[in-house]
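Below: one structure, written as structure tokens.
The values are calculated or read from the model by the stated rules, or taken from the named source; none is laboratory data. Source: prediction; values computed, not measured. A quick note on method: Cβ atoms are made from the backbone with ideal geometry, for glycine too, and the neighbour counts reach across all protein chains shown.
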Amino acid sequence: MSIEAPRHLFRALRSVWLWPALATLLLGLYRIGTPELWRDEISSWSAATRALTRLAGILGNVDASNGAYYLMLHAWTDLFGDSVPSLRLPSALAMSGAAAFTALAALRWFGSRMAAVAAGLLLAALPNVSAYAQEARSYAIVTCAVAAATWCLLRALERPGLGRWAWYGLCMALAGVFHLVSLAGLAGQFVVVAVHFWSVRDRRVLWQFPAAALTALLPALPVMLLGRRQSGRQLEWITPATRYKLRMFWPEFLGSFGVLYAFLALAVAALLWRGHRTAAVQAAALAVLPVLGVWLVSQGRSSYFVDRYLLFTLPAWAALAGGGVGALDAALRRIAPRRTAAVAALAAVAVPALLGMDQQRVLRQVTARTATDYRGAAAAVAAGYRPGDGIVAAGGRKAWMMVGPGVAYHLPGDVRPRPLFVARTAVRADDLFPVECPVPAACIGDVSRTWVVTIGTGDDPYQGLPAGQAKALQAVFTPAEVRHVRGLTVSLLVRATQHA
């Protein structure tokens with residue numbers, strides 16, 4: 001081994017980004033396959049595992065805002081399969097990257113290794129970071145892209161150049177394509193640039209930043225156009241953005257009032273740190289302005305005010321709080337031994353982590369994501385399955401619960417009951433939901449047995465089914481078995497003549 005190898009290893013181990021990235025990755029990987037997939041993750045699997053032509057078809061009808069993520073997940077599952085850990089692993093890796101870029105941005109802002117490492121570790125400690133590091137959706141990737149854009153922006157402001165602005169624009173373009181709401185981060189970035197210009201009077205940024213930002217918007221334009229056409233269906237479930245929701249946003253977003261107060265105390269310390277107030281103001285703008293902007297825009301016909309849509313602001317909060325830890329460390333070094341200062345600084349990081357520990361445990365439970373046991377329902381069907389069986393899953397107004405695809409995901413490869421009451425499958429319809437048969441009685445066919453999976457745990461095997469479907473089943477079949485799993489009822493119906 002050459003002398004250079006240990007030197008490079010030592011340098012890597014001293015990197016401010018390494019330990020936050022590893023901590024975030026380990027927390028993201030811990031029991032990553034335990035929580036059951038919930039309906040949005042089932043949607044990701046359903047879309048991403050289709051042929052590319054079919055995937056393009058679905059994006060033309062619905063969910064164009066998630067198109068880039070579905071394309072990425074399509075390529076990923078082709079290589080690594082579609083198990084629960086595999087579906088979630090890109091998010092865990094992306095959130096680890098977000099922690100690394102958070103530490104690097106904090107180092108540029110505050111010039112303190114303690115502040116940088118603390119910022120990355122504080123991000124890792126937040127319950128929402130672990131939650132979305134273990135979710136097969138785009139939010140962790142967007143968070144990483146915005147955190148990377150922040151670091152690239154600081155580098156470009158420090159030493160402007162085409163290459164540095166190009167990297168910033170690429171990161172923001174990636175964030176916007178993966179989730180349009182992340183472009184609200186431009187509001188905070190504008191303040192970062194304005195504060196920098198006020199401090200150094202570098203006129204180049206007056207045209208370089210707008211040029212880079214506008215370039216970043218270009219790839220998102222097709223997504224905006226498609227998303228606008230689909231917004232009624234995609235956003236109708238979001239409740240109005242009231243003042244109460246805005247007041248309660250940050251304690252719920254950061255995990256609890258205790259974590260919020262700890263972060264606010266550290267933020268105040270950062271703002272009071274002489275020589276670093278400009279950096280603290282910039283980080284605060286990135287943490288707060290996008291949230292306020294989305295809340296204001298959501299006062300119109302459509303609301304976008306959902307906490308996970310704004311997850312990309314968490315790195316700025318962590319960097320601001322990391323600045324507070326750096327300020328505490330610097331202050332104590334003047335009056336106390338270096339070891340005492342370091343212990344106090346680490347204690348400041350530990351407080352939010354301890355406050356969020358209960359939530360971290362809850363996140364790893366089987367029921368953390370969903371109250372409906374798709375896996376248990378699939379096991380019940382598989383245990384009694386016979387070739388030729390049919391299946392009816394809760395649809396109609398309950399189709400958004402993704403019961404059919406959720407059960408199908410967990411069924412063994414050799415268990416494939418035929419869906420009844422389906423005129424066109426979701427794949428053929430280029431949609432997340434199938435097109436249901438307009439005349440249910442005509443779609444039963446000659447199946448002698450069918451499984452029915454409904455929402456709830458009552459003893460009525462037809463509960464919650466559309467009236468026409470329930471009537472058609474009752475005319476032909478008789479319940480032979482009714483089982484309950486968490487949140488679902490699984491019933492086996494047989495033809496009345498056969499049962500007799």
Next on the checklist: Just to check your reading of the model, which residue among 105, 64 is surrounded by 24 or more Cβ atoms within 10 Å (Cβ to Cβ) and either over 13 Å from the mean Cα position of the chain (by Cα) or in contact (Cβ under 8 Å) with a residue 24 or more places away in the chain (or both)?
Outcome noted: 105
Checklist entry - Using beta carbons and a limit of 9 Å, which pairs, at least six apart or on different chains, have the first residue in the stretch 347-362 and under 14 Å from residue 123 (Cβ atoms) and the second one buried (at least 20 other Cβ atoms within 10 Å of the Cβ) and among the hydroxyl-bearing types (Ser, Thr, Tyr)? => result 356/130; 360/130
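Can you tell me which of 174, 221, 154 is closer than 30 Å to residue 60 by Cβ, in the same structural domain as residue 106 (by TED's automatic domain parsing), at pLDDT 95 or above and surrounded by fewer than 24 Cβ atoms within 10 Å (Cβ to Cβ)? First the steps, then the outcome.
Numbers: 221 fails: at pLDDT 95 or above; 154 fails: closer than 30 Å to residue 60 by Cβ.
Every option except 174 fails the conditions.
To keep it simple, each residue is scored yes or no on (1) under 27 Å from the mean Cα position of the chain (by Cα); (2) crowded, with 18+ Cβ neighbours inside 10 Å.
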position: 329; (1), (2): no, yes
position: 344; (1), (2): no, no
position: 349; (1), (2): yes, yes
position: 370; (1), (2): yes, yes
position: 374; (1), (2): yes, yes
position: 381; (1), (2): no, yes
position: 384; (1), (2): no, no
position: 395; (1), (2): yes, yes
Checklist entry - Given the structure, is residue 388 touching a residue at least 12 places away in the same chain (Cβ under 8 Å), in a helix (DSSP H, G or I) and not β-branched (Val, Ile, Thr)? => result no
Checklist outcome for this item: The lone condition residue 76 fails out of (1) out of contact with any Pro (no Cβ under 7 Å at 6 or more places or on another chain); (2) surrounded by fewer than 22 Cβ atoms within 10 Å (Cβ to Cβ) is (1)
Checklist entry - Taking into account only those residues within the stretch 437-478 that are assigned to a strand (DSSP E or B) and among the aromatic types (Phe, Trp, Tyr), which is farthest from the chain's Cα centre (by Cα)? => result 477
Checklist entry - Looking at (1) surrounded by 16 or more Cβ atoms within 10 Å (Cβ to Cβ); (2) modelled with pLDDT under 95, which is the one condition that is false for residue 441? => result (1)
Checklist outcome for this item: Pairing a residue in the stretch 234-262 that is closer than 10 Å to residue 304 by Cα and in the same structural domain as residue 349 (by TED's automatic domain parsing) with any residue that is surrounded by 15 or more Cβ atoms within 10 Å (Cβ to Cβ) and β-branched (Val, Ile, Thr), where Cβ atoms lie under 9 Å and the two sit 6 or more apart in sequence or on different chains, gives 238/306; 241/294; 241/297
Checklist entry - Any residue in the stretch 200-210 that is closer than 17 Å to residue 293 by Cβ and either in the same structural domain as residue 288 (by TED's automatic domain parsing) or in a helix (DSSP H, G or I) (or both)? => result no
Checklist entry - Would you call residue 358 outside the structural domain of residue 494 (by TED's automatic domain parsing) and either modelled with pLDDT of 90 or more or under 30 Å from residue 20 (Cβ atoms) (or both)? => result yes
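Mind telling me which of the residues 496, 472 ends up being buried (at least 17 other Cβ atoms within 10 Å of the Cβ), without any contact (Cβ under 8 Å) to a residue 60 or more places away in the chain and over 20 Å from residue 407 (Cβ atoms)?
Working: 496 fails: buried (at least 17 other Cβ atoms within 10 Å of the Cβ).
Exactly one of 496, 472 is buried (at least 17 other Cβ atoms within 10 Å of the Cβ), without any contact (Cβ under 8 Å) to a residue 60 or more places away in the chain and over 20 Å from residue 407 (Cβ atoms), namely 472.
How many residues does the stretch 263-279 hold that are touching a residue at least 60 places away in the same chain (Cβ under 8 Å) and assigned to a helix (DSSP H, G or I)?
Keep residues of the stretch 263-279 that are touching a residue at least 60 places away in the same chain (Cβ under 8 Å), which gives 263, 266, 270, 273, 276, 278-279.
Next, only the ones that are assigned to a helix (DSSP H, G or I) stay: 263, 266, 270, 278-279.
The total comes to 5.
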Next on the checklist: For the stretch 114-129, which positions are within 8 Å of residue 20 (Cβ to Cβ) and among the hydrophobic types (A, V, I, L, M, F, W, C)?
Outcome noted: 117, 119, 121, 123, 124
Item to check | Output for the stretch 394-418, where each listed residue is in a loop (DSSP other than H, G, I, E, B) and over 15 Å from residue 488 (Cα atoms) | outcome: 411, 412, 413, 414, 415, 416, 417
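Any idea which residue in the stretch 444-464 is modelled with the highest pLDDT, counting only those that are within 12 Å of residue 395 (Cβ to Cβ) and surrounded by fewer than 19 Cβ atoms within 10 Å (Cβ to Cβ)?
455
Condition first: without any contact (Cβ under 8 Å) to a residue 40 or more places away in the chain and under 26 Å from residue 324 (Cβ atoms). Can you find one or more residues in the stretch 114-132 that meet it?
Step one: of the stretch 114-132, the residues without any contact (Cβ under 8 Å) to a residue 40 or more places away in the chain are none.
Within the stretch 114-132, none of the residues are without any contact (Cβ under 8 Å) to a residue 40 or more places away in the chain and under 26 Å from residue 324 (Cβ atoms).
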Next on the checklist: Consider the stretch 141-167. How many of its residues are within 18 Å of residue 183 (Cβ to Cβ) and not in a helix (DSSP H, G or I)?
Outcome noted: 0
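Are any residues in the stretch 430-443 at negative phi and touching a residue at least 40 places away in the same chain (Cβ under 8 Å), and if so, which ones? Talk me through it step by step, then tell me what you get.
Just the residues of the stretch 430-443 that are at negative phi, to begin with: 431-443.
Within the stretch 430-443, 431, 432, 436 meet the criteria.
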Next on the checklist: Can you confirm whether residue 187 is assigned to a loop (DSSP other than H, G, I, E, B) and modelled with pLDDT of 95 or more?
Outcome noted: no
